[in-house]
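Reading through the structure tokens given below for one structure.
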Amino acid sequence: MTPSRTPQAPWASVGWLLATAWALSFPLFSTLGPHRLWGCCAAVGYLAAAVLTVRSPRAALAASLTGAIAVPLLWLVLSGQGQSEVTVIERSGRLLLETGRLYVDHPAGVEEYTPYLTGMALFGIPRAVLGGPLGDARLWCAAALFGGMLAGRRLLGGERSGLLPLLVASPVVALPLVVSGVDLPLAGLLCLALAAAGAGRPALAGAALAGACALKWTALPAVAVAVALLAVCRGRGPAVRCALVAVLGSAALILPSAVLQPAELLRQVFAFPMGRAEVPTPASSPLPGHLLAELGSWGWYVTAALLVLGGLAVAVSLWARPPRTVVAAADRLAIGLTLAFALAPAGRFGYLALPLLLSVWARSFTVADAPATASRIVARSPGTTAPGKPAGQRA
């Protein structure tokens, strides 16, 4: 058994201080109330963690979790505050229960747009059923994230490295968990899908991918990555099964909305995030794609072409050098998502938290045992030529 590893105190202190500086930027520069509140609370928690980590890493972690998650989340949930995404998710859940539809017909303003697919509405249903703080969509989104990450780790059986609690306490997870929660279920399902693919569970991987694709269309690259991982470690059959479950499952979840409201699905889920709807999207961070799109119609088409080229480049990399471990698969997916978010006509810096989360999560338990994990996976694969070498791999 490999002992759990935690960062050395000096480096941990530096990390907490960097997190403090990042948190302080929100009350200084953000105009959003939930962001400013989170920044104030998190800065106190991170600063306390930087001081405490020299003597007690556990106390430092507790201070960071308290300041960055517990206090601001409790305050915002009880006061009914949050980013507009929370209201959007909860409205779609209420509409789904009451009418069977997800989208407001002919939305007049940005607050009436729902840029998500069917699955996201499920996290808004608790508000309609339970009401009160327990129905807040952020709590259920967080539960999906933690469930996916922990189930993925259990599938692979890796040793704990101490990175997972730090990841949860970091701004990468803490900020979206507290203020919106919208990307957390997607992250949890992608973690579960990659872990299931790495453990040789194609049906489970496909089901997790179907769930992810039913939340946001940005989950589509994960299907190619998981299928490539299964193909190289398990063979063509499991890869095809995974792809079929993912495609058919996604279709079953999305088609009802597409049949009932095809125009709104196209307008709100595809045109709006791409900056082609009647109402401009508020996602406008100065990333390359947005800057190009701002130059006019030709700039938008250049951005769209770059997006396609970026997707093709990742697809070619999966064919030429497929990932052979969960860490490599998470990194490849992170690269693809980073390219997509950077080149999208409309995007936010916050979107980049998802690729970072995937890469860190994969390392939170697999780094120490990566060779053993890979050997176990290949050893159970049909048609291998030698331990650790899939059939057809050159020596």
remark   = In order over the range 220-232: 3J(HN,Hα) from phi, Karplus 6.51/-1.76/1.60, θ = phi - 60°, whole Hz, x for each Gly or Pro, gives 4, x, 5, 4, 5, 5, 5, 5, 5, 5, 5, 5, 6
remark   = Applied in sequence order to the range 319-328, the curve 6.51 cos²θ - 1.76 cosθ + 1.60 (Karplus, θ = phi - 60°) yields integer Hz couplings, x standing for Gly and Pro, of 6, 7, 9, x, x, 10, 9, 5, 4, 5
query = Under the definition of Cα pairs under 8 Å and six or more residues apart, what whole-number percent is the relative contact order of the chain?
reply = 16 percent
query = Using the per-residue mean of other Cβ atoms lying within 10 Å as a proxy for protection, in what order, highest first, do the peptides 240-249, 163-172 fall?
reply = 163-172, 240-249
task = Take peptides 92-102, 176-186 and line them up by average Cβ neighbours within 10 Å, highest first, as a rough protection proxy.
result = 176-186, 92-102
Where Rh is the Kirkwood radius over Cα pairs, Rg/Rh for the range 253-296 = 1.11
remark   = FRET efficiency (LEU244, ALA305; Cβ distance; R0 25 Å; to 0.05) is 0.20
remark   = Of all C-alpha pairs within the chain, those more than 38 angstrom apart amount in percent to 20 percent
query = What nm distance separates the two modelled labels at LEU18 and LEU260, each placed 7 Å from Cα along Cα→Cβ?
reply = 4.6 nm
Dimensions in Å of the range 72-125 - Rg and Dmax from alpha carbons = 11.8, 35
Estimated vicinal HN-Hα couplings, Hz - the range 16-28 in sequence order (Karplus 6.51, -1.76, 1.60; Gly, Pro = x) = 5, 5, 5, 5, 4, 5, 4, 5, 5, 5, 6, x, 7
ask   = How would you rank 191-197, 107-113, 322-328, highest first, on the average number of other Cβ atoms within 10 Å across their residues?
value = 191-197, 322-328, 107-113
task = Over 15 Å, how big is the tail of the calculated P(r) for the range 8-81, in percent of all Cα pairs?
result = 51 percent
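No lab work stands behind these numbers, since they all come straight from the coordinates. Computed from a predicted model, the values in this text were never measured in an experiment. No Cβ is skipped: glycine too gets one built from the backbone with ideal geometry, and neighbour counts run over all protein chains shown.
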